[in-house]
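Below is one structure, written out as structure tokens, with a few remarks after it.
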Amino acid sequence: MRKKIIAGNWKMNCTLPEAKALVEGILEGINGNAGIPKRGDLEIILAPPFPFLSLCREMVGKNSFIHTSAQNCYSEEKGAFTGEVSAAMIASVGAKYVIIGHSERRNFFRESSAMLMKKVELALKNNLRPIFCIGELVGERKSGKHFNVVRQQLSETVFHLKESDFRRLTIAYEPVWAIGTGLNATPEQAQEMHAFIRQLIGVKFGRKTINNISILYGGSCNAQNAASLFSMPDVDGGLIGGASLKAADFVSIINSAITTANELPGTAV
Ligand code: PGA
């Protein structure tokens, strides 16, 4: 079953008291009076910076549909890599997911496809579910290369996995020109690319896998535009940056996912 997933990528934001207040606000919105109905087809993911992963896991407690994710992991198992954090460490503090291949990692930290693949393999080995990010630069879209770029990003990396491993992935399509810019892809642009990605997955891994992989949209998704993006048939939720730092906005985005999930065939609990 394709799940609706709303993941909040906090990036390098929040101090400890701010992180606590943010999680409290989100939990209040989810579990409070006008709470969010619990559904088997919905997952909420919080991706705080490393120092707050344990705290967030503890605060989330028994909410079985709320999970934590790291924003990155290192490409080696363990050892003399000062400042790095391993997949095993992340798993040991109760996180279920790890974001891999975010464009900020690819661009600022020059992470290559080969390195990303090592990270994905280590994540899977440690029972973490990678949220694997792909997406084109503005120039690539303007010159009409966006489909080729995305195809290559997949074929150079996660398309080398065996099918049973690939199925443990979530894909996030994040056009780089939309990240943090306030300029989101239109629902039609998102749908077009998500359908293309789903088709590539189908050709590579077959129909069963297509029906189990969630493809999230990321890039200036907010409380105002979430419903229209999520109502697209191939958009299974969002990877939310800026808007995940305000509890009310994040909860409103989760609500949009629920409302639109009702309209999708095959997603009722
Ligand atoms: P944004 O970031 O929502 O702030 O554009 C999304 C992301 O980078 O995952």
Condition first: assigned to a helix (DSSP H, G or I) and under 23 Å from K96 (Cβ atoms). Can you find one or more residues in region 165-180 that meet it?
yes
Go through region 1-25 and report how many residues are touching a strand residue (DSSP E or B) at 6+ places or on another chain (Cβ under 9 Å) and within 16 Å of the ligand (Cβ to nearest atom).
8
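To keep it simple, each residue is scored yes or no on (1) in contact (Cβ under 8 Å) with a residue 12 or more places away in the chain; (2) in contact with a helix residue (DSSP H, G or I) (Cβ under 8 Å, 6 or more places away or on another chain); (3) more than 10 Å from the ligand (Cβ to nearest atom); (4) in a helix (DSSP H, G or I).
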| site | (1), (2), (3), (4) |
| --- | --- |
| L229 | yes, yes, yes, yes |
| P233 | yes, yes, yes, no |
| L239 | yes, no, no, no |
| S244 | yes, yes, no, yes |
| D249 | yes, yes, yes, yes |
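Considering only residues that are surrounded by fewer than 16 Cβ atoms within 10 Å (Cβ to Cβ) and touching a Phe, Trp or Tyr at 6+ places or on another chain (Cβ under 9 Å), which ones fall in region 26-72?
If the condition is that a residue be surrounded by fewer than 16 Cβ atoms within 10 Å (Cβ to Cβ) and touching a Phe, Trp or Tyr at 6+ places or on another chain (Cβ under 9 Å), then K38, G40 are the ones that fit.
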Near pairs, Cβ below 9 angstrom, 6+ apart or cross-chain, from region 1-21 (β-branched (V, I, T)) to any residue that is surrounded by fewer than 21 Cβ atoms within 10 Å (Cβ to Cβ) and not in a strand (DSSP E or B):
I5/S214
Considering only region 196-227, state which residues are surrounded by fewer than 17 Cβ atoms within 10 Å (Cβ to Cβ) and without any contact (Cβ under 8 Å) to a residue 40 or more places away in the chain.
Q199, G202, V203, R207, K208, Q224, A227
For region 182-195, enumerate the residues that are surrounded by fewer than 18 Cβ atoms within 10 Å (Cβ to Cβ) and within 18 Å of the chain's Cα centre (by Cα).
P187, A195
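If we keep just the residues of region 184-220 that are assigned to a loop (DSSP other than H, G, I, E, B) and more than 16 Å from the ligand (Cβ to nearest atom), which is modelled with the lowest pLDDT?
If we filter region 184-220 for residues that are assigned to a loop (DSSP other than H, G, I, E, B), which is where we start, we get 184-186, 206, 211-214, 219-220.
If we keep only those that are more than 16 Å from the ligand (Cβ to nearest atom) too, we end up with 206, 211-213.
Details: G206: 93, N211: 88, N212: 91, I213: 96.
Checking each candidate, the answer is N211.
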Test for R57: is it out of contact with any Lys or Arg (no Cβ under 8 Å at 6 or more places or on another chain), within 16 Å of the ligand (Cβ to nearest atom) and part of a helix (DSSP H, G or I)
no
Residues within region 89-138 that are within 17 Å of L154 (Cβ to Cβ) and of a type in the set (S, T, N, Q), tallied:
3
Return the residues of region 136-183 that are among the small types (G, A, S), within 14 Å of the ligand (Cβ to nearest atom) and under 17 Å from A195 (Cα atoms); say none if nothing qualifies.
A172
Counting only residues in region 116-161 that are surrounded by fewer than 19 Cβ atoms within 10 Å (Cβ to Cβ) and polar (S, T, N, Q), the one farthest from the chain's Cα centre (by Cα) is identified as S143
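The values are calculated or read from the model by the stated rules, or taken from the named source; none is laboratory data. Treat the numbers as computed from the prediction; the structure is a model and nothing was measured. Virtual Cβ from ideal backbone geometry, glycine too; neighbours counted across all protein chains shown.
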